[in-house]
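See below for the structure under consideration.
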Amino acid sequence: MKPTGLCPIRNARSFGWVFTFMLLTLVFTVQKSPAAGPFTIYVANYPLQYFAERIGGDQVKVVFPAPADVDPAYWHPNVAEISAYQKADLILLNGAGYAKWVNKVSLPRSKMANTSRQFKDRYITTKAFMTHSHGAQGEHAHESLAFTIWLDLQLAVQQAEAITRVLSLIQPEQKEAFKRNYESLKEDLLALDQKILTIVSRAQSTPLLASHPVYDYFVQRYGLNLVSVHWEPDEVPGGDQWRELRRILTRHPAKWMIWEGAPVQATVGGLKTFGVNSLVFNPCGNVPEKGNFLSVMDRNAENLCAAFKK
């Protein structure tokens, strides 16, 4: 659902409002007058854009400036893009260490809302720490804190709920509309959550591989038996990676590898020599080429069916 119109907002003048924001741990101050124009939200990734657009409807303008061909978790905005974030009325963040550029630039903390802060006790700490590259994005490390929170669709619902609370405080006259929109989104997300649970319950102990360590919340929510490697879909693995795979398969006899994107055919063929097939489960951190967050996740669920036959 995309915004079709815009409406003015009210100023936050009282200490009481600010105190309420502090209680919600989503503290920011709207400094725009009712005549100043649309209420603009800048976000750290596409899932937050989708949630905010579904909830805010035609009352908000949601902007996600990252290029379509990058992973937003490792993207760094340029000077003009940082300036746009600074001028936004609200900045929605994913939390859990996502988008580290946020801590390296000067953003108005009063406008920043961490959508996962209220359940930070549920952040997942991983054991793996490995530095490697994503093409033009350069080297980065998969550090100890997992951040693809939205892949646990119940946590995604909580992120959406946090957005709803913030928007309702900014525009209390739209509170009921925001709540209705949130309930519709929540229904969609929970239906998809149940669909995935039904699919994996057919053979939940099935050993799986993942091409990248980005599925931690997904694995935890749906009880999967999964081991991750560090392979890129657009690169053919080297000899060391194939040897590592052979070692993994001796103790974890997986027949399927889950990919963030479609792997090159040379890799698909190489995996088949090990008896391993490939399927795509797109985390959807960036804007998809087709469809939206919900349709991509539904397609992901369908892709899982082949790996979870009884």
* Structure fact -> Residue count, segment 220-248, condition farther than 16 Å from Thr206 by Cβ and surrounded by fewer than 14 Cβ atoms within 10 Å (Cβ to Cβ), comes to 7
* Exactly one of (1) open to solvent by 60 Å² or more (accessible area, probe 1.4 Å); (2) modelled with pLDDT of 95 or more is unmet by Asn181. Its number? -> (1)
* Restricting segment 289-310 to residues that are touching a residue at least 12 places away in the same chain (Cβ under 8 Å), out of contact with any helix residue (DSSP H, G or I) (no Cβ under 7 Å at 6 or more places or on another chain) and of a type in the set (Gly, Ala, Ser), the residue that is surrounded by the most Cβ atoms within 10 Å (Cβ to Cβ) -> Ala307
* State yes or no: is Leu197 part of a helix (DSSP H, G or I), touching a Phe, Trp or Tyr at 6+ places or on another chain (Cβ under 7 Å), surrounded by fewer than 20 Cβ atoms within 10 Å (Cβ to Cβ) and not polar (S, T, N, Q)? => yes
* Here are Leu145, Leu190: which of them is open to solvent by 30 Å² or more (accessible area, probe 1.4 Å), modelled with pLDDT under 95, within 20 Å of the chain's Cα centre (by Cα) and of a type in the set (A, V, I, L, M, F, W, C)? -> Leu145
* Give the residues of segment 210-224 that are in contact with a Leu (Cβ under 7 Å, 6 or more places away or on another chain), of a type in the set (A, V, I, L, M, F, W, C) and touching a residue at least 24 places away in the same chain (Cβ under 8 Å), sorted by residue number. => Ala210, Phe218, Leu224
* How about segment 50-69: which of its residues are open to solvent by 30 Å² or more (accessible area, probe 1.4 Å) and either under 17 Å from Glu289 (Cβ atoms) or modelled with pLDDT under 95 (or both)? -> Asp58, Pro67, Ala68, Asp69
* Asked: For Tyr217, all conditions in the list (1) open to solvent by 10 Å² or more (accessible area, probe 1.4 Å); (2) modelled with pLDDT of 95 or more; (3) over 19 Å from Asn277 (Cβ atoms) hold save one; what is the number of the exception?
  -> (1)
* Just to be sure, is Asp89 of a type in the set (D, E, K, R), touching a residue at least 24 places away in the same chain (Cβ under 8 Å), open to solvent by 40 Å² or more (accessible area, probe 1.4 Å) and in contact with a Ser or Thr (Cβ under 8 Å, 6 or more places away or on another chain)? -> no
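With touching a Lys or Arg at 6+ places or on another chain (Cβ under 9 Å), surrounded by 20 or more Cβ atoms within 10 Å (Cβ to Cβ), closer than 22 Å to Glu302 by Cβ and not β-branched (Val, Ile, Thr) as the only criterion, which of Leu151, Leu167 stands out?
Working: Leu167 fails: closer than 22 Å to Glu302 by Cβ.
Among Leu151, Leu167, only Leu151 is touching a Lys or Arg at 6+ places or on another chain (Cβ under 9 Å), surrounded by 20 or more Cβ atoms within 10 Å (Cβ to Cβ), closer than 22 Å to Glu302 by Cβ and not β-branched (Val, Ile, Thr).
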* Taking into account only those residues within segment 249-288 that are within 15 Å of Val227 (Cβ to Cβ) and in a helix (DSSP H, G or I), which is least open to solvent (accessible area, probe 1.4 Å)? -> Leu271
* If you take the residues in segment 95-123 that are touching a residue at least 60 places away in the same chain (Cβ under 8 Å) and of a type in the set (S, T, N, Q), which one is nearest to Ser83 (Cα to Cα)? -> Ser110
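The values are calculated or read from the model by the stated rules, or taken from the named source; none is laboratory data. These figures come from a predicted structure and were not determined experimentally. No Cβ is skipped: glycine too gets one built from the backbone with ideal geometry, and neighbour counts run over all protein chains shown. Only protein heavy atoms, including side chains, enter the accessible area calculation; ligands, DNA and RNA are left aside. Shrake-Rupley method; radii C 1.70, N 1.55, O 1.52, S 1.80 Å.
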